[in-house]
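Where a number appears in this text, it was derived from the coordinates with a stated rule and is not lab data. What you are looking at is a predicted structure, and each value in this text was computed from that prediction instead of being measured. Counting neighbours? That spans all protein chains shown, and the Cβs are built from the backbone with ideal geometry, glycine included.
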Amino acid sequence: MTITKTSIEGLLILEPRVFHDDRGAFFESFNDQLFNEAVGEPIHFVQDNQSTSKKGVLRGLHFQVNPHAQGKLVRVAKGRVIDVAVDIRRDSPSYGQHHAVELSAENNLQFWIPEGFAHGFVALEEDTIFCYKCTDYYAPEREGSLFWNDEDLKINWGIEDPLVSDKDKTAANFGNFITSF
């Protein structure tokens, strides 16, 4: 597995080694020991989630606050997405900055997003299957969100007029946001 650090401290891109032969392909999608070595601390996942999205669906930018903050290890099992993490750690030198990566079933990349980041993605293909491991359980009372198209964040989602939920249409603007991280 190849691990690549991004320009934002804590965010990692993981590229598994894929073995191809005349039957198809195989790769190890998760290895606890290698992952924890890459992150530099023991991480315990408690929940796996999966969503299916139509082309043009945008989900995010979501996060959970303490005591139920979540780290996420995300990947795409079918299709393709632009995946985005926004640093919402108040004392971080990259506070308010984001990192975007294309994840697909073809490239098998995974994106580690630790606690203290808002996260979202847009599906670039029909019936995209998005999978993610979480370090804490879903707690709706601790959930927050930032407006996906906030002018202060300047995220290029690579798509115009995405389909978003009513909740995501009314998310907080970054300029008025007070982080708890």
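Couple of notes before you dig in:
- Residue count for region 122-154 under the criterion of being surrounded by 21 or more Cβ atoms within 10 Å (Cβ to Cβ), under 22 Å from Arg89 (Cβ atoms) and among the aliphatic types (A, V, I, L, M): the result is 1.
- Answer residue from region 27-42, given it is in a loop (DSSP other than H, G, I, E, B) and under 18 Å from the mean Cα position of the chain (by Cα) and is surrounded by the fewest Cβ atoms within 10 Å (Cβ to Cβ) among those: Ser29
- Of residues in region 155-167 being assigned to a loop (DSSP other than H, G, I, E, B) and aliphatic (A, V, I, L, M), the one farthest from Ile88 (Cα to Cα): Ile159
- A Cβ distance below 7 Å, combined with a sequence gap of six or more or placement on separate chains, defines the contacts here; from region 7-25, residues that are within 19 Å of Ser92 (Cβ to Cβ) reach residues that are among the charged types (D, E, K, R) and surrounded by 10 or more Cβ atoms within 10 Å (Cβ to Cβ) in the pairs Ile8/Asp87; Leu12/Lys5.
- Against the test of being touching a helix residue (DSSP H, G or I) at 6+ places or on another chain (Cβ under 8 Å), in a loop (DSSP other than H, G, I, E, B) and of a type outside the set (Asp, Glu), the options Trp148, Trp112 yield a single qualifying residue, Trp148.
- Any hit, region 75-82, residues being among the basic types (Lys, Arg), crowded, with 21+ Cβ neighbours inside 10 Å and without any contact (Cβ under 8 Å) to a residue 60 or more places away in the chain: yes
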